[in-house]
Amino acid sequence: MVLREWADSDIPFMPRLFDAEDMAANTDIPSPFDADAFLARIRQRRTQRVVDLAVTRDGGEPLGLVALHVASGVLGYAIGPAHRGRGLASRSLRLMTAFCHEKLGFSRLRLGIVQGNVPSQGVAESAGYVRGDDALVERVNGLGQPKLLETWYWTAPATSGR
């Protein structure tokens with residue numbers, strides 16, 4: 001698996017990845033989907049210290065995305081419908097979690113998962129995240145609907161001080 005920057009050449013792939021009702025219902029990716037606007041949004045978010053990377057098998061065709069809000073340690077992920085069920089979300093989340101811990105020094109990371117999104121909960125669990133006891137947070141999804149988010153956490157394993 002290779003995570004890489006998004007490029008103009010990815011625009012033709014984006015609608016197949018992100019123009020899905022369940023994608024908009026469970027993320028802030030807008031529907032109807034506009035690939036040009038989405039790529040501009042990715043580039044603009046970079047100025048706000050948000051890193052959106054394409055999930056690929058080998059650096060080629062994008063299969064989804066993984067994102068990091070650097071200031072807050074919040075991660076997100078979305079895999080295109082045709083590529084789900086292959087462990088891509090779990091692997092990309094584990095890869096980003098390891099990078100954030102080992103290279104950026106994060107000892108705790110967060111996810112916000114729409115309440116009732118069982119597949120995403122499974123991804124989080126498989127990557128070592130646990131549901132927090134925090135109050136649910138209301139956010140607007142890509143369809144303009146309010147949704148309740150559960151907070152999930154990853155905490156770095158304690159190291160023995162030999």
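Computed from Cα positions, the angle between helix 88-102 and the longest principal axis of the chain comes to roughly 50 degrees. Quick one: among 35, 89, 135, which has the greatest mean-square fluctuation in a GNM of the chain with alpha-carbon springs under 10 angstrom? The residue with the greatest mean-square fluctuation here is 135. Considering only 120, 107, 92, the Gaussian network model of the chain with Cα springs below 10 Å gives its largest mean-square fluctuation to 107.
Which order do 147, 103 fall in if you start with the one that has the fewest other Cβ atoms within 10 Å?
Ascending number of Cβ neighbours within 10 Å: 103, 147.
In a fully extended conformation the segment linking residue 58 and residue 44 would gain 2.5 nm over its present Cα-Cα distance, using 0.36 nm per residue. Compute the signed sum of charges (Lys and Arg +1, Asp and Glu -1) over the other residues within less than 15 Å, Cβ to Cβ, of residue 138. Once positives and negatives cancel, what remains is -1. The angle between the Cα long axis of helix 35-46 and the longest principal axis of the Cα atoms of the chain comes to about 30 degrees, rounded to the nearest 10.
Each helix, a run of at least 4 DSSP H residues, gives -39500 (n - 2.57); summed and divided by the residues of the chain, these come to -8500 deg cm²/dmol at 222 nm. Ordered by the count of other Cβ atoms within 10 Å of each Cβ, fewest first, 155, 27 give 155, 27. DSSP bridge analysis restricted to region 1-134 gives an antiparallel fraction near 90%, rounded to the nearest 5. Charged neighbours of residue 35, selected by a Cβ distance under 9 Å, balance to -4 (K, R count +1; D, E count -1). Once C-alpha pairs closer than 8 Å and six or more residues apart are averaged by separation and normalised to the residue number of the chain, the relative contact order reads 23 percent.
Taking the convex hull of the alpha carbon positions in region 2-155 and averaging its projected area over all directions gives 8.5 nm².
Every number in this text was worked out from the coordinates using simple rules, so none of it is lab data. Please read these numbers as outputs of a predicted model, since none were measured by experiment. All Cβ positions, glycine included, derive from the backbone under ideal geometry; neighbour counts span all protein chains shown.
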